[in-house]
Amino acid sequence: MTRRRLIAHLDMDAFYASVELLRYPDLRGQAVVIGGGRRHQPQTQADGTRTYARLGDYTGRGVITTSTYEARALGVFSGMGLMKAAAKAPDAVLLPTDFDQYRHYSRAFKAAVAELAPVIEDRGIDEIYIDLTDVPGAQDTVGHDPLGGVRAIARDIKNNVKRRTGLSCSIGVTPNKLLSKVASDLDKPDGLTMLMVDDITSRFWPLPVRRINGIGPKAGARLATLGIETIGQLAAMEPLWLMERFGAHYGAWLHRAAHAQDDRPVVTESEPVSMSRETTFERDLHAVRDRAQLSQIFTELCVRVGDDLQRKGYVGRTVGIKLRFDDFKTVTRDLTLPAPTADGTQIRLAAGQCLKRVDLSRRLRLLGVRVAGLTRADAPVLAPARSGARTRPKAAGSSPTSHSTGTGSPSHALLAREPDLFDEEPAMDNLEAMNGSDLAQGPVTP
């Protein structure tokens, strides 16, 4: 029997919202939006009942972190401005974010998976890849089902996650990571989708090109203008034709992706060289006219990179930004700090300095933040070389954020004194609960 490569992608269903529904079960079946600030905390009345903030009463410039499927049915999705969402679903319940809870349940679901399938690649707070190839029984035929063995293992994983956390997840099982990422989204929520090589033409190619992770709204729109709307239509294009229109690297990747070619392994314990977050906008944004929205997004990216670093136990010294303009030109800038950090505020300040070195007269389609030069948070830290100074290790018991430069440092003072363009009208309404830090006050000024 030929040994199949069996890669699973597990995605928790509406993760943040589902965690909140465990805490507030009376909201099940209702349209619920996560993304409010501390003032949107539910209030318990004298009789034990709760009252909830409503989306229609919201004022501010925050964005949605996630929403329940009932809210999505009303056209309310993650990344949407809360004011815009309020016009679509004014009666939806608005809850604040609670990242401590989300991290707790993230660890719990990953531990539940590891009990059955230990080869796991962590892809974020709510998703993982799992290599099921060598899990005992995965290659077995059950009855007339050649995938019966791996199907049973995937069901066991789903059941164990549900038992340990009370949450549902969706799993896609295919020969590679690219296909599995697509498959896990085909039968949400609580789905299990098997998609093998023989299914590519009948089940993968009819899908819209945007289903492929890596084809964003702008690339999808550009493909549509070329008459390419489905993955099958993309697969029919010659590689050279795609490279001429999308560049050598991206064009070649488009061709491989359309043919479901992906040999990336499931990586378990690799030491990362950097961590980053980026987002592609639904429409191109202008640095001045859309400053409030960009401020919100830019700050959230910085805070989330800091959260990723702290969750995984790293600090980094080099902060960088990535901007892609409406002409597809990409610009990067970076800044090396005097000491490593995992603090979202410090990352935001440094990223803001990088931003000052970019011509922002054109419209933006993508914005990203990156921290490189990573070391373990508990590793000894070498101080910057100074005349007559010695290097010394970090004091025992220091927290990850203790690597941040102090306010007495000349470099830090420069960062704190000079707000960048996105700081002029800060819009950080729903970020105050993230990482347990309150960024709603904007940058530090003298």
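Each of PHE204, PHE99, PHE77 has some number of other Cβ atoms within 10 Å of its Cβ, and from fewest to most they run PHE77, PHE99, PHE204.
Taking 0.36 nm per residue of separation and subtracting the current Cα-Cα distance, fully stretching the chain between THR49 and VAL288 would add 81.5 nm. Taking the square roots of 5 times each eigenvalue of the Cα gyration tensor of region 15-97, largest first, gives ellipsoid semi-axes of 19, 14, 11 Å.
Taking the charge dipole of region 241-354 about its Cα centre, with +1 at Lys and Arg Cβ atoms and -1 at Asp and Glu Cβ atoms, the residue from THR318, TRP241, ALA257 reaching farthest to the positive side is THR318. Magnitude of the charge dipole for region 15-97, about its Cα centre and with charges confined to Cβ atoms of Lys, Arg (+1) and Asp, Glu (-1), is about 260 debye.
Under a 5 Å amide H cut-off, with hydrogens placed 1.01 Å from N, ARG61 pairs with ASP429 among residues at least 5 apart or on other chains. Taking the Cα atoms of region 209-258, the ratio Rg/Rh between the radius of gyration and the Kirkwood radius comes to 0.89. Of the trypsin sites (Lys or Arg not before Pro) found in region 207-290, the ones in coil according to DSSP and having at most 14 other Cβ atoms within 10 Å of their Cβ are ARG289. Full extension of the chain between ASP122 and ASP134 yields a length gain of 2.5 nm, computed as 0.36 nm times the residue separation minus the alpha carbon distance.
Residue separation of MET83 and THR59 scaled by 0.36 nm, minus their Cα-Cα distance, works out to 8.0 nm of gained length. With Cα atoms as the point set, the radius of gyration and Dmax of region 167-206 evaluate to 9.8, 33 Å. Positive end of the dipole of region 114-192 (Cβ unit charges, origin at the Cα centre): among VAL173, PRO136, SER184, the Cα lying farthest that way belongs to SER184.
First select every other residue whose beta carbon is under 15 angstrom from the beta carbon of THR336; then total the charges, Lys and Arg +1, Asp and Glu -1. Could you put the intermediate results ahead of the total?
Numbers: positive: ARG317, ARG333, ARG357, ARG370; negative: ASP334.
Result for the neighbourhood of THR336: +3.
Straight-line cross-link reach from LYS322 at under 20 Å between alpha-carbon atoms covers these lysines, not counting any fewer than eight positions away in the same chain: LYS218, LYS356.
Placing unit charges on the Cβ atoms of the charged side chains and taking the dipole of region 15-97 about its Cα centre, the candidate lying farthest along the positive direction among LEU74, LEU95, GLY36 is GLY36. Here the label points at ARG357 and ASP91, each 7 Å from Cα along the C-beta direction, are separated by 5.4 nm in the simple model. In this structure, the pairs whose alpha-carbon distance is over 18 Å, taken from LYS110/LYS312; LYS162/LYS312; LYS110/LYS158, are LYS162/LYS312.
Every read-out reported here was derived from the displayed coordinates using simple, explicitly stated rules and does not represent laboratory data. No experiment lies behind these values; they were computed from the predicted model shown. FYI the Cβ positions are ideal-geometry reconstructions off the backbone, even for glycines, and counts take in every protein chain you see.
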